[in-house]
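Report on the structure given below.
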């Protein structure tokens, strides 16, 4: 499984840096590693999701001027919360698969901005924050359609694959 | 409902991640050397893969950019055309303006790049959506870059190099909040400390501006190059956009509009000039008269 995790992490990072960072709409790019973290939490549960989110956040932090570890914390939180929230879902539906990545992305972005401001990087929060948040949430929700199955494959998990929820942890 | 064992494991995961986060952020904010070197090593290790990805996806990204940037380019074209018309008008408006310009140029002695080594760097696309206060460039220590070196465009000062790796560096923009630089206002000659207050905002200079100084809108501002300054003298910084007078303290605050277009940087020139190296040179050549100081 570690091989699959590594493969997904590196592939997502390369896609983010080489492709998605440049495919911007109104200057805003999808945050693929955050979408992957949330999907990992959704399919793998809170523990594995937050660990994956932490690793994914550290990878993207290598390329951001904000403090190293900030994205890691935000992504881990988002993946953990979504991992816990999935237990409240009884039936799988297309809306669930779009809604969870969207909700997780919003949690991750808000945590990132709040964390940055708390650490003195107030430039992160500008008048564009709301616009960026909405755009990334929409983009990541769409990315989740692909990333949920990918992370399910990564964990060898069943979540979202049947009509009822079967936690991959049990 | 979660089993007790699972809840315990979740709590342990949470505690480990929180501790790791606090440790990593603290070490990073303290500029912990081994962590920085580790980051650079990982980046260098991933670089060949991302470079390959760049090559593979470049047709897609180029096509996307040509689609999405078309309107911007059209606007820029119109704006440049208007500027050109204005410049033509200025050029034929009379010999007086030309003479004034000559005089100003002589006074400033703008030839910032003569006699010093420079390297041209491409500003790389930002990775995130919120990283607005620095720009990444595709040149690093292998090209002779050092922390503190000035970055300029043909128009003037852009910022300074704040982080250097083998093949990439980070440039902090002069408008970044807290960025300070010594400036000289051409005309009255006041030497002041200008500070950035945020991207898209004017620089502000209050410290050093004499109370009675007659500073007018449009006056040119260049780097002062005074002792201890990280920049060589006479690099154009901006023009005076306004002067605010504090009635209570009788102090003038000068607002400076940067001449370099910091919002649309594609290439910057790094002046391979280091304040430390310059000091060392001065120390070598002037050791006889400076020994006692």
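Read-outs throughout are calculated quantities, based only on the coordinates presented, and are distinct from any laboratory measurement. Because the structure is a prediction, the values reported are computed rather than measured. Counting neighbours? That spans all protein chains shown, and the Cβs are built from the backbone with ideal geometry, glycine included.
A few notes on this one:
- Using C-alpha pairs under 8 Å with a sequence gap of at least 6, the mean separation divided by the residue count of the stretch B:115-276 gives a relative contact order of 26 percent.
- For the listed peptides B:169-177, B:147-155, a ranking on the average number of other beta carbons within 10 Å per residue, highest first, reads B:169-177, B:147-155.
- Computed FRET value (nearest 0.05) for residue A:1 with residue B:246, which takes r as the C-beta separation and R₀ as 60 Å: 0.40
- Within 10 Å of each Cβ in B:25-31, the average number of Cβ atoms from other chains: 4
- Tilt relative to chain A, helix A:94-118 - C-alpha long axis, 0 to 90 degrees, to 10: 40
- The alpha carbons of the stretch A:1-46 occupy a box of 36, 20, 8 Å along the principal axes, longest dimension given first.
- For peptide B:11-22, the mean count of partner chain Cβ atoms within 10 Å of a residue's Cβ comes to 4.
- Translational diffusion of the stretch B:8-67, µm² s⁻¹ [Kirkwood Rh, Cα pairs; Stokes-Einstein; 25 °C; 0.890 mPa s]: 165
- Size of chain A as Cα extents on the principal axes (Å, biggest first): 44, 31, 29
- Chain A: angle of helix A:46-61 to the longest principal axis, Cα-based, in degrees nearest 10: 30
- The calculated FRET efficiency for the pair residue B:74 and residue B:141, based on their C-beta separation and a Förster distance of 41 Å, comes to about 0.55.
- The stretch B:115-276 - Rg and Dmax from Cα coordinates, angstrom: 15.9, 53
- The listed peptides B:212-223, B:28-39, B:229-240, ordered by packing as a protection proxy, come out as B:229-240, B:212-223, B:28-39 (highest mean of other Cβ atoms within 10 Å first).
- The distance from the alpha carbon centre of the stretch A:1-36 to that of the stretch B:45-65 is 12 Å, rounded to a whole number.
- Working ranking of peptides A:150-157, A:98-105, B:258-265, B:54-61 by packing, defined as the average number of other Cβ atoms within 10 Å per residue, highest first, is A:98-105, A:150-157, B:258-265, B:54-61.
- Measuring nothing but how far apart in sequence close Cα pairs (under 8 Å, 6+ apart) lie, relative to its length, chain A scores a relative contact order of 29 percent.
- Each part reduced to its alpha carbon centroid, the stretch A:85-133 and the stretch B:12-40 end up 23 Å apart.
- Degrees, to the nearest 10: A:32-44 long Cα axis against longest axis of chain A: 30
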